[in-house]
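Written below as structure tokens is the structure these notes are about.
Bear in mind that the values in this text are calculations on the coordinates, not laboratory data. Since we're looking at a predicted model, the values are computed, not measured. Using ideal geometry, Cβ is built from the backbone for each residue, glycine included, and neighbour counts are taken over all protein chains shown.
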Amino acid sequence: MSNSNSLLQYESGQTPFAMSALVDSGDHTIFNSSATIFSDSSGRSPDVRPNGVITGGAVVASVSTANDSVDIAALSCYLAGVKTAVASVTDKTIPRPATPVAKVCSITVKSDGTIAVVAGADGNAAVFSETRAAAGGPPLIPVGSIEIAQVRVASSVAAPITAAQIFQAVGTHLERYDYPIFDTDNTNGNVVFDVALPLIHTGPVAKAVYASYAEPIFTKQAFANDFVPAETTHSASSSVVYGGVVGTSSLSLGQGAFTAILKDGITDPLLSAANDTRWIRYYQDSNKAPYVLTQGKIGVSRTFGAADHPKVKVTISAMKASTNRAS
């Protein structure tokens, strides 16, 4: 049973943060927000929008067969957290090298939503480099721009661009908003990519990652007790085989829970959290820093006694085990 100094709080509201740039933690995989933790309450879940193409944007050799030109299909993309429509462009000029050496040009969407070609440095030979900003390699593109294709030529003589000279592999020549894949870490208030973002922008830095989100507001729940964290439990089973027994183990995530005495069981603020995903924060000693965080869908089961105040059993159906925090 909880001691007299224990404190249980529930997420009673949220402080919203408008769409804004997240901060690269330095490993180009984790991008931090201004929130300590993310709310996942209805209508308040994080909306993550890395810069990148959403649909369209195919680049092809110029249909008019104009020399040194490509056509770019209309596209939609996220730019600084805003879904942006970019019009198609025909006969976009691709610069050639001054001599017959390798040259890579990046076709980009600028931060103002227009198409621009960024020319790489002429190579020292007709061999292409895969190193950004190297001679004969792809250029670093401006911060805030999106790369949608690369065009590679190794001749200084004007001629139509061919399909073989146009490259649009996702993650190498084309930045999509949904690649690499990412997930929100609600417990730490950040966004985590499955691999590091490439440093293809001037700096060099990774592409910009934007998000809107909300941080929970916690309220004390009076007369609460019997808090149970959401924790994993292990079970074992065995099968008899020739010559012995083979054992296997499995784990499952149990529900969190607590109980509370209510004022009237009808208008109590805690009841507004029912059927929504909320955070619960529990301090074993409110005078000390450590606490337990649990996020899950809240279920309530009320009991109205004849003489006592109404009581409620609250369940917390969590997607992840409760987290211990030292401060």
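Assign unit charges at the C-beta atoms only (+1 for Lys and Arg, -1 for Asp and Glu), then state the dipole size of the range 52-167 relative to its Cα centre in Debye, rounded to the nearest 20.
100 debye
Considering all alpha-carbon pairs of the chain, what whole percent are spaced by more than 26 angstrom?
61 percent
I'm checking a number: the convex hull volume of the Cα atoms of the range 219-325, normalised per residue, in Å³. What is it?
Enclosed volume per residue, from the Cα hull, is 146 Å³.
Whole-Hz Karplus ³J(HN,Hα) for the range 154-162, in order, using 6.51 cos²θ - 1.76 cosθ + 1.60 and θ = phi - 60°, x for Gly and Pro?
Running phi through 6.51 cos²θ - 1.76 cosθ + 1.60 with θ = phi - 60° gives 9, 9, 8, 8, 4, 6, x, 6, 9 Hz.
Alpha carbon centre of the range 107-180 versus the range 275-327: separation in Å?
Rounded to whole Å, the Cα centres lie 53 Å apart.
Exceeding 24 Å between C-alpha atoms, which entries from my cross-link table qualify? They are Lys83/Lys297; Lys288/Lys313; Lys83/Lys110; Lys220/Lys297.
Correct reply: Lys83/Lys297; Lys288/Lys313.
Give me the percent relative contact order of the range 219-325, please, defined on Cα pairs under 8 angstrom at least 6 residues apart.
RCO, the range 219-325: 29 percent.
Once you have a ≥ b ≥ c as the square roots of the Cα gyration tensor eigenvalues for the range 273-327, tell me rounded if a/c is under 1.5, and otherwise prolate or oblate according to whether a/b is larger than b/c.
oblate
Would you mind computing, in nm to one decimal, how far apart the modelled labels at Ala326 and Leu271 are, each placed 7 Å from Cα along Cα→Cβ?
Here the answer is 4.2 nm between the modelled labels.
Given Cβ point charges of +1 (Lys, Arg) and -1 (Asp, Glu) and nothing else, what value in debye, to the nearest 20, does the dipole of the chain about its Cα centre take?
260 debye
Any idea how far apart Thr233 and Ser45 come out in nm if each label point goes 7 Å out from Cα toward Cβ?
Going from the Thr233 label point to the Ser45 one covers 2.9 nm.
Kindly identify the range 52-167 as rounded, prolate or oblate by the Cα gyration tensor criterion: order the square roots of the eigenvalues as a ≥ b ≥ c, call it rounded if a/c is under 1.5, otherwise compare a/b with b/c, prolate if a/b is larger, else oblate.
oblate
Once each part is reduced to its C-alpha centroid, what is the distance from the range 60-106 to the range 182-235 in angstrom?
37 Å
How big is the range 217-276 by the Kirkwood estimate over distinct Cα pairs, in Å?
Computed over Cα pairs of the range 217-276, the Kirkwood hydrodynamic radius comes out at 15.5 Å.
Report the one residue of Leu271, Ala289, Ile261 whose Cα lies farthest in the direction of the positive end of the charge dipole of the chain (charges on C-beta: Lys and Arg +1, Asp and Glu -1; origin at the Cα centre).
Of the candidates, Ile261 comes out farthest on the positive side.
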